[in-house]
1. All but one of (1) closer than 26 Å to residue 385 by Cα; (2) at pLDDT 90 or above; (3) not hydrophobic (A, V, I, L, M, F, W, C) hold for residue 155, so report the exception by its number.
2. When both residues are 6+ apart or on different chains and their Cβ atoms are under 9 Å apart, which pairs have a first residue that lies in segment 283-298 and is in contact (Cβ under 8 Å) with a residue 12 or more places away in the chain, and a second that is in a loop (DSSP other than H, G, I, E, B) and basic (Lys, Arg)?
3. From the list 134, 107, exactly one residue is open to solvent by 40 Å² or more (accessible area, probe 1.4 Å), hydroxyl-bearing (Ser, Thr, Tyr) and either at pLDDT below 90 or more than 24 Å from residue 457 (Cα to Cα) (or both). Which is it?
4. Please enumerate the residues belonging to segment 139-161 that are buried (at least 17 other Cβ atoms within 10 Å of the Cβ) and touching a residue at least 40 places away in the same chain (Cβ under 8 Å).
5. Would you point out the residue of segment 248-266, among those that are under 24 Å from the mean Cα position of the chain (by Cα) and surrounded by fewer than 16 Cβ atoms within 10 Å (Cβ to Cβ), that is nearest to residue 334 (Cα to Cα)?
6. Quick check on segment 277-285. Is at least one of its residues charged (D, E, K, R) and not in a loop (DSSP other than H, G, I, E, B)?
7. Of the conditions (1) in a strand (DSSP E or B); (2) open to solvent by 40 Å² or more (accessible area, probe 1.4 Å), residue 358 clears all except one; give me its number.
8. With respect to residue 402, determine if the residue is open to solvent by 20 Å² or more (accessible area, probe 1.4 Å) and either part of a strand (DSSP E or B) or polar (S, T, N, Q) (or both).
Amino acid sequence: MKAIGKLLLAVLLLAPLPAFALDAGTQLIVSSGAAGNGGGRDSTWGYWKDDNGCWHMTLLSPAFGKAHQVSNAKLIGWFDLPFNDESTFGLMGQGSIKYSQENSWDSISYINIIPDVDMLRYYFNKVDGNGGFSLSLGRFNVADKTSSIINQKIDGLYVGYSASRIQFGAYVGYTGLLNSKNTMIINSSGRNYWSSQLTGSIYDFLLEDIDTNKNNRLQFASMKNKVFSGRYWDDVERTLYIWADPYLVSSANITFPYLFANQTPYIEGSLAISTEGPCKVEDEFDRFYITAGMYGPLIYSDLVYNVSTTFSTYGDSSSSKSAFDGVSNLSKIKLTYFTGFHSLAISGLFTYASGDNGMYEPFYGFTSNPISYRRYSPEHSSSVKYGLSASFKPIREFLVTLGADQLFDYSTDYIKYEGIQAYTEMKLQCTSDFQFQLKAYRFWAEDKTFDNTGATITGVFSF
């Protein structure tokens, strides 16, 4: 199959270019799982369509029905085509097509077919005794230093430089050409996920009683004309590619490896500016982030730490587009002890994401990244979480991870207990071409409405 892939890629796509050691392959990922402890779907994102036929991502109206089952099959094809003998300059790409089916006991079945270009980038990498230089141009994945704010594909340019005492990286890109079915961006709809109103937005936030006896209320979003996003599910299933929210995203970071006592500090700044995309609609939820952090050994080399704090400010349609009102904060502390026994590593993690706390406004990241397994879990916003995890290898080919966390709501000046979660992940490399994965979790919520249980079995076949 690799020989056929090389021939097709070289002849159909890259015949005019000089090819030197083309490598190509395919991967099939098949998974099946169930989620929902007697409740509704745990996906909170949906779509609505405007009068011009353009799609927009919004929050789904929560459906507290029955547990549901999800099956996925994803076929991935990739290639790496160097243009010189040293393999320092070339073209790398990856495409995929995903089939997803969700079955629920309420007799509603959702089927999605999602084609995508996951990566297509020119690259240049040069390393010598004085350091290294790297460049990427095209579509590639980017992540911030915390991996909790920006972590997704982008169309743009990246440059990086590394030396013994300093490292630098920067990128600039655009998100409006991505497929939003594969890239969940926190837009103005997610801006006030647990608030009552979003003034001046194209979205209208309503409140619905979930249990009038306990006076529990949950927010959902709809269009201004009260047409709910769930109405469009049939159209969403038939639409293979839906443009993501258009933002100009840029970031730069400087790292000082082993600056003192084997400690490595860094600083990073990121910016997301909304713009008009293919649908000529601007979301107007601009964000700026500045992160400072440091990692290294603590006392001795087997105990390491990673600490970071991020300050953010944002402007949206409730203020002038150029104004940034208020400051928010995301802080993380992680301690890891490497025992050396069957690769056993024990970690403790603390996360604080500000809400309306004193001088702070609620924190919002850019890429959707739920903070817990809680049903309809909030993003890294207005929350406090701490917990322990352990990973080890009973045998070389088998990796096991176990963990437990407690979650608290911190949307006001008072901390409210939300619940506790436990989870496990297992990966077994059965052969060089096949990997078996198991993931299971349980969230015990203080409000039983938000209990959640799920498990997924995955097989990864490489060809």
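1. (1)
2. That search, which allows pairs on different chains as well, returns 284/321; 286/321; 291/145; 293/145.
3. On inspection, the qualifying residue turns out to be 107.
4. Within segment 139-161, 142, 144, 145, 146, 148, 149, 150, 152, 154, 156 meet the criteria.
5. Only one residue fits best here, namely 254.
6. Going residue by residue through segment 277-285, those that are charged (D, E, K, R) are 280, 282-284.
Narrowing the set further to residues that are not in a loop (DSSP other than H, G, I, E, B) leaves none.
No, segment 277-285 contains no residue that is charged (D, E, K, R) and not in a loop (DSSP other than H, G, I, E, B).
7. All conditions pass for residue 358, except number (1).
8. Working: open to solvent by 20 Å² or more (accessible area, probe 1.4 Å): yes; either part of a strand (DSSP E or B) or polar (S, T, N, Q) (or both): yes.
In short, yes.
The values are calculated or read from the model by the stated rules, or taken from the named source; none is laboratory data. No experiment lies behind these values; they were computed from the predicted model shown. Note that each Cβ is placed from the backbone with ideal geometry, even for glycine, and that neighbours are counted across all protein chains shown. The accessibility values were calculated without ligands, DNA or RNA, using every heavy atom of the protein model including side chains. Shrake-Rupley method; radii C 1.70, N 1.55, O 1.52, S 1.80 Å.
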